[in-house]
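The values are calculated or read from the model by the stated rules, or taken from the named source; none is laboratory data. Here the structure is a predicted model, which means the values were calculated and not measured. A quick note on method: Cβ atoms are made from the backbone with ideal geometry, for glycine too, and the neighbour counts reach across all protein chains shown. Quick note on the areas: whole protein, heavy atoms, side chains included, nothing else; ligands and nucleic acids left out. Shrake-Rupley method; radii C 1.70, N 1.55, O 1.52, S 1.80 Å.
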Amino acid sequence: MAAAASHSIHDRPWLDPAQKPFIQIQGVSKQFGPFVAVDNVDLDIYRGELFSLLGGSGCGKTTLLRMIAGFETPTSGRIVIDGEDMSSVPPYDRPVNMMFQSYALFPHMTVEQNVAYGLKRDGVAKAEIQSRVNDMLGMVELTQFRKRKPHQLSGGQRQRVALARSLVKNPKVLLLDEPLGALDKRLREQTQYELMNIQDRLGVTFVVVTHDQEEAMTLSTRIAVMDQGYFQQIGTPTEIYEYPVTRFVANFIGSANMFEGRVASQEDEIAEVTVDTLPVPIRAEHAAPLAAGTRAWVAVRPEKVQLSREPFSQAGINMLEGQVEEIGYYGESSTYRIRINEDVRLEVTHPNLRRPRDGRHLAEWEDKVYVGWEPGAAVVLTS
Amino acid sequence: MAQGAFGRAIEKAQASWKFLVIFIPYAWLLIFFLAPFFMVLKISVAELRIASPPFTPLIATDAAGATIIRLVFDNFAYLWEDSLYLNTYLNSLKISTTSTLLCLLIGYPIAYAIVRSTPTTRNILLLLIILPFWTSFLLRVYAWMGLLADQGTINNLLIWLGVIDSPIRMLYTEFAVYIGIVYTYLPFMILPLYANMEKLDMSLLEAASDLGARPAVTFLTVTLPMTVPGIVAGSLLVFIPATGEYVIPDLLGGGNVLMIGRVLYNEFNANTDWPVASAVAIVLLLLLVLPMMLYQHIQSKEASS
């Protein structure tokens, strides 16, 4: 895989064998009756990471988070935080704090009392509680709302109280359950960067549960894509997006055109896959050796497909001929659905680099067009 | 235009419905609560006389033919002067307060357990709480007489087991009254508590635990303050009827436990002193309403701040 050399190993502790993982999840399973929520997963998270557990509802991501917090006990396996086995440690003794999806602010307490709650439980001196709460409220810009009750705050303000409350104890790990889920789009973007800033400043390890792939992509150092209780892929946002290892990941993160076929040959790390429904074999980069005849799927992202009214001349490019069937105009880009033949449609996203000329975009309905992509733009998946 | 006229007709009908919906409960309150209350109030400021009805009228005509309104406050003064009434009021309040606390102590864990149980179990448990209402209240109190009597089930069982030699006196004691009141009013404590706790967001308890609160601390700092409305509602539902309770002290306390309900009954029936009986009722009402109004006042003050 093309690990970017521009990043130092300091930014990517998981590549450094000398680094000790901060959170170790070892063979952890969780069953609710006959239902297996988390299925024998292993995961190492390093200090200072902003790690996302990404998946659809019911994939087990929240259960895993709740096991780290101590609200659920693993059916088997163990969780180690900073070298200490958490198996017999109750939630109130764990060096972990959580920001709840519902925020779970105490409605009968003021903002200030909410934030001070955790410090009081630890028996911190009054003066210190006061100064730490002040600092924290200053950081989330809620100082003037200190005497308000949660019901007197807006959604965004509540979210910041929840964040302040979970950070004030300086936890080793902060768990965030859908931290931006309840906010509207503008607030989400703003809060997202605030979260990243805070994480950077405090150096706390963040573990975020989210179903929102965009959120995961922009926030995270690494992402674990979860489905049906286990990890489909663990990697950086770039790895997950550019080099998905399963069809599930390719489809869940962004969208992908998928062709099912069989490996015909492989030469110089380029595999040729024959697809029954296409007139020509597809060439795609794949470093690992593939046996001829292996069932394989070629995935190519819509924005990596070029669209033209003239045939492409580059050597080695995959090229197909088709007709524009559907156009989705998004302003900055347009998505075209190209009908290749009866069985195959291809999605192409193209940035609208120019204004339409004579009322015509790059391509219009029913236009005859050519689509093409380099072998390096596609991935070969075998599962 | 026709549609407009139709719309207006509907609006009119809706307005009259609205009026009806509000009017009926008000009329109900007026007829069945306020009217008797004013009658009692009127009798409480009248004088006893040997006649039918056995009290002087509020409005009368004097010898000169002028209309006079007679308000006599002797009855209230009498209640204050005779220590029997003061003691009885105090004893009633003592018994109802203690019973309320006992109901709270027993009912709170029960309500909590019901809320935390699975939906199927929860319905069964709730049914069990409501089940006693299907039998007559009087019958159930009589059943307790059978259980608590000197030759009753409990004493017989204890003697048979050899725990005691002679029966323990339980019936016709304050203890029996407590048993009766707590037993009878426990559902009135549990149900409002249940309704309140059901709304309690369990993630709040998890949040407290997450922030370092042990279970006992979570209970004191989150669960308890969050369930105050349920505690208040349940306590009022137990405290108010228990204070004026007549049947239980009469049947289970015999003549040994003084409660205001019995005194009221005696004044009314045995002494046929309606004015004093009415005064007793009015004072009881004030005793119960004033603390409630005070609580309401504090509540609304807190809410507005």
Inset, instruction - Just report the Cα centroid separation between segment B:241-273 and segment B:143-216, whole Å. - result: 24
Inset, instruction - Alpha carbons only, please: Rg and Dmax for segment A:256-381, in angstrom. - result: 15.2, 51
Legend entry - Distance between modelled label sites at B:Ile59 and B:Met292, nm, 7 Å Cα→Cβ extension: 3.0
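Could you sort A:95-106, B:195-206 so that the peptide with the highest average Cβ count within 10 Å comes first and the rest follow in order? Write out the running numbers ahead of the final one.
Values: A:95-106: 22.3, B:195-206: 16.3.
Result, highest mean first: A:95-106, B:195-206.
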Legend entry - Residue with peak Gaussian network fluctuation, chain B [Cα springs, cutoff 10 Å], from B:Pro109, B:Pro187, B:Pro215: B:Pro215
Legend entry - Computed over chain B: relative contact order in percent, which uses C-alpha pairs under 8 Å that are six or more apart: 25
Inset, instruction - Calculate the all-directions average of the projected area of chain B's alpha-carbon convex hull, and give it in nm². - result: 29.6
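At a 1.4 Å probe radius, carbon and sulfur cover how many percent of the accessible area of segment A:256-381? Could you put the intermediate results ahead of the total?
Values: 3190 of 6980 Å².
For segment A:256-381, the apolar C and S fraction of the accessible surface comes to 46 percent.
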Inset, instruction - Pop out the ³J(HN,Hα) list for segment A:221-236 in order, Karplus 6.51 cos²θ - 1.76 cosθ + 1.60 with θ = phi - 60°, rounded to Hz; leave Gly and Pro as x. - result: 6, 9, 10, 10, 8, 10, 8, 6, x, 9, 7, 7, 7, 10, x, 5
Legend entry - Amide H partners (placed H, <5 Å) of A:Asn352, local residues excluded: A:Ser333, A:Ser334
Legend entry - Point-charge dipole on Cβ atoms (K/R +1, D/E -1) for the protein assembly as shown, about Cα centre, debye to 20: 1760
Inset, instruction - Identify the trypsin sites (Lys or Arg not before Pro) of segment A:353-383 meeting these criteria: DSSP loop state and at most 14 other C-beta atoms within 10 Å of the C-beta. - result: A:Arg354
Inset, instruction - State, as an integer percentage, the relative contact order of segment B:25-134 based on alpha-carbon contacts under 8 Å between residues 6 or more apart. - result: 13
Inset, instruction - Ignore the peptide's own chain and count Cβ atoms of other chains within 10 Å of each Cβ in A:97-109; give me the average, rounded. - result: 5
Legend entry - Among B:227-235, A:319-327, B:34-42, the order from most to least packed when residues are scored by Cβ within 10 Å on average: B:227-235, A:319-327, B:34-42
Inset, instruction - Per residue of B:198-207, count partner chain C-beta atoms within 10 Å of its C-beta, then hand back the mean as an integer. - result: 5
Legend entry - Of B:Ala64, B:Ala77, B:Ala143, the one that fluctuates the most in a GNM where chain B has Cα springs shorter than 10 Å: B:Ala64
Legend entry - Descending principal axes extents, segment B:1-114, alpha-carbon based, whole Å: 75, 69, 20
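Leaving out ligands, DNA and RNA, calculate the buried accessible area for the pair A and B with a 1.4 Å probe, summed over both sides, in Å² to the nearest 100.
That pair hides around 1700 Å² of surface in total.
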Legend entry - Per residue value of the accessible surface for segment B:30-81 (all protein chains in place, 1.4 Å probe), Å²: 73
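What ranking, highest mean first, results for peptides A:191-201, A:39-49 when packing means the other Cβ atoms within 10 Å averaged over each residue? Walk me through the intermediate numbers first.
Working: A:191-201: 15.2, A:39-49: 18.4.
Sorting A:191-201, A:39-49 by mean packing, highest first, produces A:39-49, A:191-201.
Give me the percent relative contact order of segment A:256-381, please, defined on Cα pairs under 8 angstrom at least 6 residues apart.
Numbers: 288 pairs, mean separation 38.0, N = 126.
Contact order relative to length: 30 percent.
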Inset, instruction - Specify which residue in the list A:Gly376, A:His350, A:Val275 is farthest towards the positive end of the charge dipole of segment A:256-381, using unit charges on the beta carbon of Lys, Arg (+1) and Asp, Glu (-1), about the Cα centre. - result: A:His350
Legend entry - Table column - 3J(HN,Hα) (Hz), segment A:199-204, Karplus curve with 6.51, -1.76, 1.60, x for Gly and Pro: 4, 5, 5, 8, x, 6
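Name the chymotrypsin sites (Phe, Trp or Tyr not before Pro) in segment A:301-383 that are in a loop by DSSP and that have at most 11 other C-beta atoms within 10 Å, would you? Write out the running numbers ahead of the final one.
Values: sites: A:Phe312, A:Tyr329, A:Tyr330, A:Tyr336, A:Trp365, A:Tyr370, A:Trp373; in loops: A:Phe312, A:Tyr330, A:Trp365.
Taking segment A:301-383 and a limit of 11 other Cβ atoms within 10 Å, the loop chymotrypsin sites (Phe, Trp or Tyr not before Pro) found are A:Tyr330, A:Trp365.
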Legend entry - Helical contribution to [θ] at 222 nm, DSSP H n ≥ 4, -39,500 (n - 2.57), averaged over the protein assembly as shown, rounded to 500: -13500 deg cm²/dmol
Legend entry - Amide H contacts of A:Asn257 (H built 1.01 Å from N, under 5 Å, at least 5 apart or other chain): A:Val300, A:Arg301
Legend entry - For chain A, built as a Gaussian network whose Cα springs stay under 10 Å, the top-fluctuating residue of A:Ala264, A:Ala127, A:Ala224: A:Ala127
Inset, instruction - Taking only protein heavy atoms into account and a 1.4 Å probe, give the accessible area per residue of segment A:256-381 in Å². - result: 55
Legend entry - Amide proton proximity set for A:Leu175, modelled H, under 5 Å, gap of 5+: A:Asn97, A:Met98, A:Met99, A:Val207
Legend entry - Under Karplus coefficients 6.51, -1.76 and 1.60, residue-wise ³J(HN,Hα) of segment B:123-135 in Hz, glycine/proline x: 5, 5, 5, 4, 4, 5, 5, 7, 3, x, 5, 7, 10
Inset, instruction - Positive end of the charge dipole of the protein assembly as shown (Lys, Arg +1 and Asp, Glu -1 on Cβ, about the Cα centre): tell me which of B:Pro54, B:Ile129, A:Ile79 has its Cα farthest that way. - result: B:Pro54
